[in-house]
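The values are calculated or read from the model by the stated rules, or taken from the named source; none is laboratory data. Small disclaimer: the values here were computed from a predicted structure and weren't measured. Backbone-built Cβ (ideal geometry, glycine too); neighbour counts: all protein chains shown. SASA here: full protein model, heavy atoms, side chains in, ligands and nucleic acids out. Shrake-Rupley method; radii C 1.70, N 1.55, O 1.52, S 1.80 Å.
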Amino acid sequence: MNEEVPSPPLVSIGIPVYNEDRFLEESLQSLLSQDYRNLEIIISDNASTDKTEAICRKYCNRDHRIRYHRFESNQGATANFRKVVELAQGRYFMWAAGHDLWSPNLISECASILEKNPDGVIAFGSCTWIDAAGRQMARASGWTDTRGMDPIARFFSVFWGNMHPILGVMRIDALRQARFQACIGTDLLMLSELALMGHFIHASSASWSRREFRDDESYRDRMKRYRSSQYRLSHSLIDRFFPVVRLPLELIKVALRARVPWFEKLGIVGILVPSLPVKYVIGRRGRSA
C-alpha cells in the first residue's frame, strides 16, 4: 500500500496596495509564476484612486488563488499591512510590494528552509535593485544569516542591518505574536521582535528584485511622506514634531517583553542606549548623501 504524500503547506502572500497600477500587473505575473503551487495571494487596497481596483478584479477572475479586499477610505499603511495578515490562512506568510519582482523559486526555497529549520522564523532571498524600466541597478544590499547567533547578536544584526527580511517568508504564528506599531521605524520594531523569537535564514539560491522608482528624497521629505494621510505613521504631537523619539522607547520595550533570560534583556538595553544616537547620526548622513 502506497503511503500518501503530504501536501506542501499553504503559503499566504499579502500585497498591501495604494495606487500601484503602474507596476501591479507585472508583480502579480511574477508571483503567479512561482514554482510553488500551494499559495494564496491576498490584496488589500487602501482606497486607490487609479486603475488598481480594476487590475485586481481582473486577476481575481483569472486565478482563484487571488482574493481582493478594498477599504472604502485610506486607513494608513499599518492598517493595510495588518489586514492582509488577518486574512491569511497559510502556515507561512510573505508581504509583497505591488511593484517588485521575484525569482520563480523564491517561495519554494524559503518554505523548504522553514520546514527543515524549526528554529527559523524568516527565510529570505538575495536582493537586487531594478529601476522603473526593470533594468538592474549597480546598487547592492547585503544580508545576515543569524544561525549560530545568540539573541543579543540577532537583535543587533537587525538594528545595524537593512530591513529587507521584512519582505521574506515568515512563520505566521510568530508574525501574529509581534506588535504592529503605527510609527516611524515599524519595520525595525517588528524585525527586532521576530529576531528574538528565532533565526533569519538566507535562501542563497532565491532572489527578489526591489524596484526603485521614486525620486531621491531628503530626510525632511521622507518624514513628511510618513506623516501624510497615505502612511499615517505620526499621530500624536510628539510623533509629528519629534518623529524618531518614540522609536528608542519602543525598541527598549521589545527587548524587555522578549522571552529571553533577564541578563540578555539587560545586555540588549545596555548596548542599545549608546547605540541609538550613533544610528540616528549615521542614518541622517546616509539619507542626505
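Here the stretch 28-74 is the region considered, the condition is being touching a residue at least 60 places away in the same chain (Cβ under 8 Å), open to solvent by 10 Å² or more (accessible area, probe 1.4 Å) and assigned to a loop (DSSP other than H, G, I, E, B), and the residue that is farthest from residue 171 (Cα to Cα) is 74.
In the stretch 142-159, the residue that is surrounded by the most Cβ atoms within 10 Å (Cβ to Cβ) out of those that are more than 15 Å from the chain's Cα centre (by Cα) and at pLDDT below 95 is 144. Could you say whether any residue in the stretch 218-225 is farther than 16 Å from residue 158 by Cα, in a loop (DSSP other than H, G, I, E, B), open to solvent by 20 Å² or more (accessible area, probe 1.4 Å) and modelled with pLDDT under 75? Scanning the stretch 218-225 turns up at least one residue that is farther than 16 Å from residue 158 by Cα, in a loop (DSSP other than H, G, I, E, B), open to solvent by 20 Å² or more (accessible area, probe 1.4 Å) and modelled with pLDDT under 75. Residues in the stretch 47-76 that are in contact with a Leu (Cβ under 7 Å, 6 or more places away or on another chain) and more than 26 Å from residue 9 (Cα to Cα): 52, 55.
Being assigned to a helix (DSSP H, G or I), without any contact (Cβ under 8 Å) to a residue 24 or more places away in the chain and open to solvent by 40 Å² or more (accessible area, probe 1.4 Å) is a property that residue 86 has. Residue count for the stretch 160-169 under the criterion of being in a loop (DSSP other than H, G, I, E, B) and crowded, with 19+ Cβ neighbours inside 10 Å: the result is 1. Looking for something in contact with a helix residue (DSSP H, G or I) (Cβ under 8 Å, 6 or more places away or on another chain), loosely packed, with under 15 Cβ neighbours inside 10 Å and in a loop (DSSP other than H, G, I, E, B) - is there at least one such residue anywhere in the stretch 17-26? Checking the stretch 17-26: not a single residue is in contact with a helix residue (DSSP H, G or I) (Cβ under 8 Å, 6 or more places away or on another chain), loosely packed, with under 15 Cβ neighbours inside 10 Å and in a loop (DSSP other than H, G, I, E, B). Based on what the data block shows, is residue 78 hydroxyl-bearing (Ser, Thr, Tyr) and either closer than 20 Å to residue 211 by Cα or part of a loop (DSSP other than H, G, I, E, B) (or both)? Answer is no for this residue. The set of residues from the stretch 99-123 being within 20 Å of residue 29 (Cα to Cα) and either loosely packed, with under 12 Cβ neighbours inside 10 Å or aromatic (Phe, Trp, Tyr) (or both) comprises just one member, 102.
Of all residues in the stretch 231-286, exactly one satisfies the criterion of being in a helix (DSSP H, G or I), at pLDDT below 85 and within 24 Å of residue 177 (Cβ to Cβ), namely 246.
Listed here are the residues, each with its yes/no results for (1) open to solvent by 10 Å² or more (accessible area, probe 1.4 Å); (2) outside any helix (DSSP H, G or I); (3) closer than 21 Å to residue 139 by Cα; (4) modelled with pLDDT under 95.
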| site | (1), (2), (3), (4) |
| --- | --- |
| 177 | yes, yes, no, no |
| 180 | yes, yes, no, yes |
| 183 | no, yes, no, yes |
| 190 | no, no, no, no |
| 194 | no, no, no, no |
| 201 | no, yes, no, no |
| 205 | yes, yes, yes, no |
| 209 | yes, yes, yes, no |
| 216 | yes, yes, yes, yes |
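Part of a strand (DSSP E or B), of a type in the set (A, V, I, L, M, F, W, C) and under 15 Å from the mean Cα position of the chain (by Cα), is that true of residue 123? I'd like the intermediate steps shown before the answer.
Values: part of a strand (DSSP E or B): yes; of a type in the set (A, V, I, L, M, F, W, C): yes; under 15 Å from the mean Cα position of the chain (by Cα): yes.
Spelling it out, residue 123 is indeed part of a strand (DSSP E or B), of a type in the set (A, V, I, L, M, F, W, C) and under 15 Å from the mean Cα position of the chain (by Cα).
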